[in-house]
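The values are calculated or read from the model by the stated rules, or taken from the named source; none is laboratory data. This is a predicted model, so every value here is computed, not measured. Note that each Cβ is placed from the backbone with ideal geometry, even for glycine, and that neighbours are counted across all protein chains shown.
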Amino acid sequence: MRIKIAVACVVLLLAGCSANENPGTNLPDTSPDTDKEIDRSDASGSDAALNEDATFDPDVVARTYGFHEDIKPIIDARCTSCHFYGGVGPFALTSYAEVASIGLLLKASVQARQMPPWLAGKDCAEYKHDVSLTDEQITAISSWVDQGMPEGDASNGGSGLPPHGGGLTRVDLTLEMPVTYEPKLKPDEYRCFAVDWPEQTTKYVTGFNVIAGNAQIVHHVIAYGIPPSYVAEVDALEAADGEPGYSCFGSAGVGDDANFAATERVGWLGSWAPGGKGADLPPGTGIRVEPGSKVVLQIHYNVVGSAAQSDRSAIQLKLEDSVEKAAIFMPWANPGWVNNSQPMLLEAGDSDASHQFGFDIASLVGRPVTIYSASLHMHMLGTKGRLWLDRAGDDDVCLLDVPRWDFGWQFGYLFDQPKRMQAGDKLMLKCHWDNSAANQPMVDGVRREAQDVVWGDRTTDEMCLGIFLVSFGD
């Protein structure tokens, strides 16, 4: 089975905190000013709707909270990897004055579970590196705001939160963009840069991280391994573009055939979003890269404001000469949606369009399949989605439930324990979209009229795509 998939480029593996990308939002002045007076006159006036998953313990609410003792440890552990001076976050959260100046926004964001961004719903599966807040942490922040945001005792800092994991255990190779690049399109530009692979023997990538050259504008990075048979195509794309790199919204631009058994296939080596520290792949697994290959770095730039910005990012890799199980990032969608033989039609005006697909991949490849991580991709009209295993003669196994889709924050979720798929099991996905007139994207400042939508690469098209890190065989 060969599936022509132009894989859209914003599925982000092991990301951390968040940034508000709406340039129209009125943000507070967060320049360093430790003597700044904080207006608490309406600190308890937020009427933000609470997320139904957030529960509040009356005994916890009854106590008094201090910033340094109770709130700063949460902010430091879950927010400041993005919200620092020069970071992708639109304001810093590194001091009492900065945090208190956005108290109402902070309360509303955590109660709605919008920040820190973690889209996986509860009661589906257990994942590593979970950055979401606990109910107790949400209660603490909300109550602190309601109590007038007392600063507390700076000499009595609370206990730091345990780290949520991640990070490379070793760096064996660093690959940098060949040139410094200044984005030409605003606010968003997707650009690919090819880097020569220097290793002279077969290697396996067993860990991945990104060093953002300009953290203010790098929204995400995906690294693709380009085998030798596709290198000439990449070179041609670069030569034809006229600027450093080449434009690439949907994928690396080459090798979009998802032939899982191919000895040479274009596939992901890893991906990153702001706040991410990188991570090792699951023990014993690695992604094969042959001598003579290239690595294409697909970078999503988000540039707000008129000032010129430039970037020269790099990736860090952990390598091994051999692994127990060769792994791949496997795209998953109905081939009929992709080639339009079974159109994934979203009719104009339909506020809850949905499509579902499932297939027994283990029987196709003739081997069991081990699934290590799951992620989901849709475009701007998506509202929710789900990935699961339909077990032959047994209960379904939930892999990923995304009850509130957000195009800007698409993550990969690494299971605490891998999932096993046997012949007879079906790997399932289902997506929902809102194609009503009120939910249309803005195009050149004007809301687009509702129209029929099918699968496609453009942001105004749609997708329903699962991505799984898998290995085949026992």
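Computed quantities for the displayed model
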quantity	calculated
All positions within the stretch 179-226 that are more than 25 Å from the chain's Cα centre (by Cα) and either crowded, with 19+ Cβ neighbours inside 10 Å or not hydrophobic (A, V, I, L, M, F, W, C) (or both)	Asp196, Trp197, Pro198, Glu199, Gln200, Thr201, Thr202, Lys203
Search result, residues across the stretch 288-312 that are among the small types (Gly, Ala, Ser) and more than 15 Å from Tyr224 (Cα to Cα)	Gly305, Ser306, Ala307, Ala308, Ser310
Total residues in the stretch 137-186, condition within 30 Å of Val289 (Cα to Cα) and of a type in the set (Val, Ile, Thr)	5
Subset of the stretch 160-183 (residues that are at pLDDT 85 or above and in a loop (DSSP other than H, G, I, E, B))	Leu168, Thr169, Arg170, Val171, Asp172, Met177, Pro178, Val179, Thr180, Glu182, Pro183
Looking only at the stretch 294-313, and only at residues there that are aliphatic (A, V, I, L, M) and assigned to a loop (DSSP other than H, G, I, E, B), the one that is surrounded by the most Cβ atoms within 10 Å (Cβ to Cβ)	Val303
Set Asp396, Asp321: member being farther than 27 Å from Ala273 by Cβ, surrounded by fewer than 19 Cβ atoms within 10 Å (Cβ to Cβ) and touching an Asp or Glu at 6+ places or on another chain (Cβ under 6 Å)	Asp396
The one condition in (1) more than 23 Å from Trp405 (Cβ to Cβ); (2) touching a residue at least 60 places away in the same chain (Cβ under 8 Å); (3) among the small types (Gly, Ala, Ser) that Ser306 fails to fulfil	(2)
Any chance Trp388 is closer than 25 Å to Ala353 by Cβ and not in a strand (DSSP E or B)	no
Close pairs from the stretch 435-456: first part of a helix (DSSP H, G or I), partner surrounded by 15 or more Cβ atoms within 10 Å (Cβ to Cβ), Cβ under 7 Å, at least 6 apart	Ala437/Ala450; Asn439/Leu381
Qualifying residue in the stretch 421-431 (condition: surrounded by 13 or more Cβ atoms within 10 Å (Cβ to Cβ), of a type in the set (D, E, K, R) and at pLDDT below 95)	no
Residues being surrounded by fewer than 17 Cβ atoms within 10 Å (Cβ to Cβ) and either at pLDDT 85 or above or of a type in the set (A, V, I, L, M) (or both) - total across the stretch 77-101	0
Subset tally (residues that are in contact with a helix residue (DSSP H, G or I) (Cβ under 9 Å, 6 or more places away or on another chain) and either part of a strand (DSSP E or B) or not assigned by TED's automatic domain parsing to the domain that holds Cys431 (or both)) for the stretch 360-385	2
